[in-house]
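The values are calculated or read from the model by the stated rules, or taken from the named source; none is laboratory data. The shown structure was predicted, so the numbers you read here are calculated from the model rather than taken from an experiment. Cβ: placed from backbone, ideal geometry, glycine included. Neighbour counts: every protein chain shown. With ligands, DNA and RNA removed, areas are computed over all heavy atoms of the protein, side chains included. Shrake-Rupley method; radii C 1.70, N 1.55, O 1.52, S 1.80 Å.
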Amino acid sequence: MRVAFFLGLILSLAALIAALVSLVWTPYDVTALSIADKLKPPSPAHWLGTDHFGRDIASMLMAGARTSIAVALVAVGIGVGLGVPLGLLAAANRGGLVDEVVMRGNDLIFAFPSLVIAILITAVFGPSATNAIIAIGIFNIPVFARVTRGGALSLWTLDFIRAAEVAGKGRTRISAEHILPNILNLLIVQGTIQFSLGILAEAGLSYVGLGAQPPTPSWGRMLAEAQTMVTLAPHVAIFPGLAIVLTVLGLNLLGDGLRDHLDPRLRRAG
Amino acid sequence: MTRYLFRRLISLALSLVVASLVIFAVIEVVPGDPASYMLGLNAKPETVAALKDQLGLNAPAPVRYLNWITGMVQGDFGLSYTYKTPVSQLVIQRLAVSLPLALYALALAVLVAFPAGLMAAARRGKVADAAVMGATQVGIALPNFWFAMLLVLAFALHWQIFPAGGFPGWDQGLWPGLRALTLPAIALALPQAAILARVLRSALIETLGQDYIRTARAKGLTGGQTLLRHGLRNALIPVLTIMGMQFSFLLAGAIIIENVFYLPGLGRLIFQAITQRDLIVVESVVMILVFAVILVTFLVDLAYAAIDPRLRKRA
């Protein structure tokens, strides 16, 4: 299990570092076209080869990591920012009208086909990375609301919360000062999972042309462009896909490892 | 049981009403009006106005909402702006591809996930378990459209066993249709199988820790018998939940895969309708999909009650 956790940590860090380094340096300029060098297989000059415009694939993958991570991170931020307060509110008013409304609203969002709504949103407001973030972020809200409420509900029955109530603290203050810190581990684990799902979703949206627009590099769009020349130059299709798989795999392993580590029940059982 | 059923039906109806309001409201704010879209850029304003009148687009929003809802209840989903055919007909045509594809993918997923999950749970902590869990991690991380590309590369272009895309139609016979759906179904099934195997494994492990499992073992059943007769049945509830969700996902979420393989399914219908501003199609098809999701959830809830008598009594 520890091996899996460290593998996850290394893969996630690799993606993060690639994204950060791409801000200041990439082996080649990702916007520089060089038709003479098009569709070159991997070589010492271009480690992962070049695409149909002669752009360096390794450089594009680094810059694409930036887009993927930025989109997924902000989408998780939307989920946490709106979902967690809603979940806390529902738990603080458990069994009440607010709780009912929040939970039924959650069920409703879950009933919508997420991809269709994402496509609808991007169709309404135009395809862009920002709208992809909104489309992915909306579906993170009920996920975090549910996890927060579930974790908070079990805490509200405990003695130390009773004690805080007796001491005269209001529900909001208790939620912020005592509930939230104690469900932080749940949120971190869920955050990693949603982050990896966000990367997959961004890739999917970009692949159908509804995510980041050119010239912003994006793994999903690289795959879409590669599709037509997959027989000529398989490497153009293989490396962006591998980048997605390894990043998502890394985040999932990291999330699993964190959960095992943060949940003492699992540690004892395992 | 009747009270339980009644309460569930009420909440089902309520969700449908709210969902329809949300969908209608979203469609309201979509820019670009279908009439000018249909007539093109050079259309005279009078013509556009006349067409809008004919399509009933000039009525106030509440009236249009009621028209839409009463139509749907009577099985009239409206007329597609671009295809000029009833939406219900379009949906039925497309379902002939999407429904078999979803069922095919789900069947493949179950076929892989159940043996894998059972094996992992039975050999918990052993090499087989680690291998299954490792494989499922990779399966979950695979973007299905990329996996689809690799499948096409291998089985359609290199070995030419399956077609790379398109759909011949069921009138060409069962086999050509199934052949065309095989690669898309595999691409859709793999990530679902990975999720299903993991859920089944953890549900089984949880169940196997129960006292009645020890009783079953104590009365002389073998490990395999206990696993299948007592473990699997009790572990089925979370597995059914996930399968219900997966089925609705497969029905609507195949948009990207349908695009990869040029399949004339429900997903492509919505995708094209959105880009062509064929709003009545978007509206009605999304509503049908939401209805399907809510209905599947409802049926899964009923299935729980059938599997677990305790749930019947509690409600």
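List of remarks:
- One residue alone among A:ALA226, A:ALA201 is of a type outside the set (S, T, N, Q) and more than 29 Å from A:GLY81 (Cα to Cα), and that residue is A:ALA226.
- Being assigned to a loop (DSSP other than H, G, I, E, B) and either surrounded by fewer than 21 Cβ atoms within 10 Å (Cβ to Cβ) or free of Cβ contacts under 8 Å to residues at least 60 places away in the same chain (or both) is a property that A:VAL30 has.
- In this entry, B:LEU196 is excluded by the filter for residues that are more than 14 Å from every other protein chain (Cβ to nearest Cβ), assigned to a helix (DSSP H, G or I) and modelled with pLDDT under 90.
- Qualifying residue in segment B:264-271 (condition: at the interface with chain A (Cβ under 10 Å from one of its Cβ atoms) and open to solvent by 10 Å² or more (accessible area, probe 1.4 Å)): yes
Residue-by-condition table, conditions (1) open to solvent by 20 Å² or more (accessible area, probe 1.4 Å); (2) over 30 Å from A:LEU153 (Cα atoms):
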| site | (1), (2) |
| --- | --- |
| A:LYS38 | yes, yes |
| A:TRP47 | yes, yes |
| A:MET60 | no, yes |
| A:ALA90 | no, no |
| A:GLU100 | yes, no |
| A:MET103 | yes, no |
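- Residues in segment B:122-143 that are within 14 Å of chain A (Cβ to nearest Cβ), assigned to a helix (DSSP H, G or I) and open to solvent by less than 30 Å² (accessible area, probe 1.4 Å) were compared, and the one that is farthest from B:ILE186 (Cα to Cα) is B:ASP129.
- Condition met for B:ALA148 (touching a residue at least 60 places away in the same chain (Cβ under 8 Å), more than 12 Å from chain A (Cβ to nearest Cβ) and under 26 Å from B:PHE247 (Cβ atoms)): no
- Any hit, segment A:242-258, residues being more than 7 Å from chain B (Cβ to nearest Cβ), touching a residue at least 12 places away in the same chain (Cβ under 8 Å) and among the hydroxyl-bearing types (Ser, Thr, Tyr): yes
- Among the residues listed as B:ARG217, B:ARG179, B:ARG229, B:ARG201, the single one being at negative phi, among the charged types (D, E, K, R), open to solvent by 60 Å² or more (accessible area, probe 1.4 Å) and at pLDDT 85 or above: B:ARG179
- Scanning segment B:229-263 for residues that are touching a Ser or Thr at 6+ places or on another chain (Cβ under 9 Å) and within 11 Å of chain A (Cβ to nearest Cβ) turns up B:MET245, B:SER248, B:PHE249, B:LEU250, B:LEU251, B:ALA252, B:GLY253, B:ALA254, B:GLU258.
- Qualifying positions in segment A:154-176 - open to solvent by 40 Å² or more (accessible area, probe 1.4 Å) and either in contact with a Lys or Arg (Cβ under 7 Å, 6 or more places away or on another chain) or aromatic (Phe, Trp, Tyr) (or both): A:PHE160
- Taken together, the residues in segment A:209-234 that are touching a Gly at 6+ places or on another chain (Cβ under 8 Å), facing chain B (nearest Cβ under 9 Å) and assigned to a loop (DSSP other than H, G, I, E, B) amount to 0.
Every residue, every condition in (1) at pLDDT below 90; (2) charged (D, E, K, R); (3) touching a strand residue (DSSP E or B) at 6+ places or on another chain (Cβ under 8 Å); (4) more than 25 Å from B:ILE257 (Cα to Cα), yes or no:
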| position | (1), (2), (3), (4) |
| --- | --- |
| A:ALA36 | yes, no, no, yes |
| A:ILE78 | no, no, no, yes |
| A:THR122 | yes, no, no, no |
| A:GLY137 | no, no, no, no |
| A:ALA145 | no, no, no, yes |
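- Subset of segment A:71-116 (residues that are in a helix (DSSP H, G or I) and on the phi > 0 side of the Ramachandran plot): none
- B:ALA154 being open to solvent by less than 20 Å² (accessible area, probe 1.4 Å) and within 30 Å of A:LEU7 (Cβ to Cβ): no
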